[in-house]
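First the structure, in the form of structure tokens, and then the observations on it.
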Amino acid sequence: MVHGRCQFTPHSPTLSPQGRGGFPVIATVRRARRLDGDISVPGDKSISHRALILGSIADGESRVRGLSTGADVRSTAGCMRALGVEIDDSVVRGVGMRGLRASADALDCGNSGTTMRLLAGLLSAQKFASELRGDESLTTRPMDRVVAPLREMGARASWPPLEVGGHVPLHGIEYRPSVPSAQVKSAVLLAGLFAVSPTVVLEPVATRNHTELMLAAMGADVKVEGRLV
């Protein structure tokens, strides 16, 4: 959460003669002398997704400051609750690596591709099967780039609809994505947490490293050398 203070004392605008429909053609606003007000910057959506997911499989309670309140992040929170995790505002009560439980219904990812892709990686390594669904727009987005490496790791994964999990343990792979994607990389790394051998991702172009940084901060054994994770 970022706060700033500014004071805004504008001069009255000068309007030109009205054009068609009574609308002004030109509006001129003179420079303000002062700005005054409060600004609250929304929390980062990408980090918020990962904070909820990693906090859910951690041991103990995690507190997330500045959690995004956007619809996509709410979809992730709803899915984690359906998997047995208690999330109360910014507090996530983790159930540990093997504490998730199967949802009675398909997990609703709403319009969030991040939710669907990241949870595909996490849930591909669970003993139970899960189905991830979304709205009409989400169902048209490609998921093959997530499904392919998960299958290579030994996971049961199919699309559409996206169904994963129920076939463990997974084994680590060396994954070289043809198209750079932080979401696909994150899905593979989340699945790799449960694999019986190391997982390596070599990106053609470096993508956002939220997942690697947060995994390391929460105690996971993650090594990063340039584009190699």
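The values are calculated or read from the model by the stated rules, or taken from the named source; none is laboratory data. Just so you know, these numbers come straight off a predicted model, no measurement behind them. Every residue, glycine as well, gets a Cβ built from its backbone with ideal geometry; the counts of neighbours run over all protein chains shown.
Can we say residue 99 is in contact with a Gly (Cβ under 9 Å, 6 or more places away or on another chain) and under 22 Å from residue 208 (Cβ atoms)? No; evaluated as a whole, the condition is false for this residue.
Within the range 80-97, the set of residues being touching a residue at least 24 places away in the same chain (Cβ under 8 Å), in contact with a Lys or Arg (Cβ under 8 Å, 6 or more places away or on another chain) and in a loop (DSSP other than H, G, I, E, B) comprises 83, 85, 90. Among the residues of the range 163-206, which ones are over 12 Å from residue 123 (Cα atoms) and small (Gly, Ala, Ser)? Once the filter is applied, which keeps residues that are over 12 Å from residue 123 (Cα atoms) and small (Gly, Ala, Ser), the range 163-206 yields 172, 178, 181, 182, 186, 195, 197, 206.
Quick check on residue 130: is it of a type in the set (Gly, Ala, Ser), over 23 Å from residue 215 (Cα atoms) and touching a Gly at 6+ places or on another chain (Cβ under 9 Å)? The answer is yes for residue 130. Out of 66, 110, one residue alone is farther than 17 Å from residue 194 by Cα and either surrounded by fewer than 14 Cβ atoms within 10 Å (Cβ to Cβ) or at pLDDT 95 or above (or both). It is 110. Just to be sure before I move on: is residue 139 touching a His at 6+ places or on another chain (Cβ under 6 Å), in contact (Cβ under 8 Å) with a residue 12 or more places away in the chain and not in a loop (DSSP other than H, G, I, E, B) in the structure I sent? Considered against the rule, which asks whether it is touching a His at 6+ places or on another chain (Cβ under 6 Å), in contact (Cβ under 8 Å) with a residue 12 or more places away in the chain and not in a loop (DSSP other than H, G, I, E, B), residue 139 comes out as no.
Looking across the range 32-69, the residues that are under 15 Å from residue 90 (Cβ atoms) and of a type in the set (A, V, I, L, M) come down to 47, 51, 52, 53, 54, 58, 64, 67.
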